[in-house]
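Encoded as structure tokens, the structure appears first; notes follow it.
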Amino acid sequence: MLVRIEGSNLPGRECGQACGPGYRNIHVAVQRRDRPTELLGLHQGDAVSAQWDLEVTATPVEDGWDLRGPYVQGRPGGRFIYLSWGTIDDQEAFTMFRRAKLWFDGIAPEVLAQAVNGGLLVGRLGLTDTHGNPLCAAVRPPLIEWSTS
């Protein structure tokens, strides 16, 4: 099954003191499980939008479905995707300074069942928080909308 994350309203390439010491050349990507330096789909913080396509395996469990894959974090019943925010230096090294957890527990059971049957689950979210900074911490509806199209 494919999980597509569609991000809009990115915060920009700089983050002032509200983010900590202030950051420049901000980028965002999906973090691989158990490999925090392995990133998928690096996007500049001032991009118009960002999209990531993740292959996952849906396994039936007692109360629905368990989603697993190389970019899915957490244990059964507590799965999520990390969006990692970081800076890119002159040597092209990424240094993370915050992350957003896109929790699967906020997906309506009927939406998840339809996604498993149809092969596509889409999560849409804005990537800027209420203070104008990169979105971080736990992300569940209504901050993210899960659908099958």
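Coordinate-derived values only; no laboratory data. Given the structure is predicted, the values throughout are model-derived calculations rather than measurements. So basically every Cβ, Gly included, is an ideal-geometry build from the backbone, and we count neighbours across all protein chains shown.
Things worth noting here:
- Taking other C-beta atoms within 10 angstrom as a stand-in for reagent exposure, LEU67, LEU39 fall in the order LEU39, LEU67, fewest first.
- Taking the range 2-147 and dividing mean pair separation by its residue count, relative contact order in percent (alpha carbons under 8 Å, at least six apart): 27
- In order along the range 120-133, the Karplus-derived 3J(HN,Hα) couplings, from 6.51 cos²θ - 1.76 cosθ + 1.60 at θ = phi - 60°, round to 9, 10, 10, x, 10, 7, x, 9, 10, 7, 5, 9, x, 9 Hz, and Gly and Pro are given as x.
- Subtracting the Cα-Cα distance of LEU42 and THR130 from their residue separation scaled by 0.36 nm leaves 29.4 nm.
- Sparse-neighbour loop sites [GluC sites (Glu not before Pro); the range 47-122; at most 14 other C-beta within 10 Å; DSSP]: GLU62, GLU92
- Sorted fewest first by neighbouring Cβ atoms within 10 angstrom, VAL111, VAL61, VAL139, VAL56 come out as VAL61, VAL111, VAL139, VAL56.
- Relative to the longest principal axis of the Cα atoms of the chain, helix 109-118 runs at roughly 90 degrees.
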